[in-house]
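Where a number appears in this text, it was derived from the coordinates with a stated rule and is not lab data. Nothing here was measured: the structure is a model prediction, and the numbers come from that model. Neighbour counts are summed over all protein chains in view; Cβ atoms, including those assigned to glycine, are modelled from backbone coordinates with ideal geometry.
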Amino acid sequence: MHAIVVREYGGPEVLSWEECRDPVPGPGELLISVQAAGVNPVDVSFRSGGSHAWPLPFVPGFDGAGVVEEVGPEVRRFRRGDRVYFSLWGRTGSYAERVVCREEEAEPLGEALDFAQGAAVGIPCGTAYRALFLRAEASAGDVVLVHGASGSVGLAAIQLARAAGLTVIGTAGGEEGRKLVAREGAHHVLDHRSPDHFRQILEITRGKGVEIVLEMLANVNLGKDFDVTALGGKVVVIGSRGLVEIDPRGLISRDLSILGMSLFCASPKERKIIAAALAAHLAKGLLRPVIRTVLPMSSADQAQRLVMEPGASGKVVLVPPT
């Protein structure tokens, strides 16, 4: 088989499409013929050797979708030929023509979704669900601000929040992104490049502020988020690309909570909850990943550049050659 291999840390140019040995499933494992692999910002961190440095060499990628080729001993839920989506925990490897995953890392892929959409479920939708319901403990009637809502995590958060009865305020920087945020169900859509959007949030909430903020770029917005968060509200930090200076009095005056959120910190129990919840939402049509672009796997360098560009509008997906 072929796979993208990282043999040294660095820029996108270190991603190499190479011939590799076929993996073999062990007990409780599946061998999957990968039909699509999701590209996530965390993949870039692993490739560059940042805070998520990974032993070299390695095949990047956590999310994917495909067809079960073989099942190892003790597998009960799947058979050869089943369509599945998967998200690897504690290891990478989806940027490949084949991958081995544990049975519990895979879920059935319904016919309503194609493989590209299946590859967009794991990290984006899992992150959105954990941030909203396991960290912020969102409930019906809450108002949630999704900062950077046109990215794959933000779009999943909009869909999940709407399904749970929350009021959603979504922000995006570009006109295309704002149209997408509105189309996916946000009740209010604002331009986060405009300094007026914080004032508009207070106008929408009649001065009260929002109960929950999902923050994708804390180094830009965190301090200002305090001014638009309601008394006792929660700011869940999902992403940041730099340092930030805040005035703690903004927290004190509103009795606010700042919560960090990484899907990789989820406990085994939380992983089961997330998997079950996402499967139910997908089956009911309440969650449908939005695809920005599909690129050949050999263009992984281009895909990783795209996923880090501002103005995201959906998921970047890689597919192996046919």
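Structure notes:
- Test: residue in the range 47-55 that is part of a strand (DSSP E or B) and either of a type in the set (A, V, I, L, M, F, W, C) or farther than 19 Å from Ser298 by Cα (or both): no
- Inside the range 56-89, residues that are part of a loop (DSSP other than H, G, I, E, B), basic (Lys, Arg) and buried (at least 16 other Cβ atoms within 10 Å of the Cβ) make up a count of 0.
- On the stretch given as the range 220-267, residues that are among the acidic types (Asp, Glu), surrounded by 19 or more Cβ atoms within 10 Å (Cβ to Cβ) and over 30 Å from Asp43 (Cβ atoms) total 0.
- Evaluation of Leu180 against the conditions (1) crowded, with 16+ Cβ neighbours inside 10 Å; (2) under 21 Å from Asp142 (Cβ atoms); (3) among the hydrophobic types (A, V, I, L, M, F, W, C) shows that the sole unmet condition is (2).
- Summed over the range 204-263, residues that are farther than 22 Å from Phe133 by Cβ and part of a strand (DSSP E or B) total 0.
- Among the conditions (1) out of contact with any Leu (no Cβ under 6 Å at 6 or more places or on another chain); (2) in contact (Cβ under 8 Å) with a residue 60 or more places away in the chain; (3) within 20 Å of Ala283 (Cβ to Cβ), the only one that Trp89 does not satisfy is (3).
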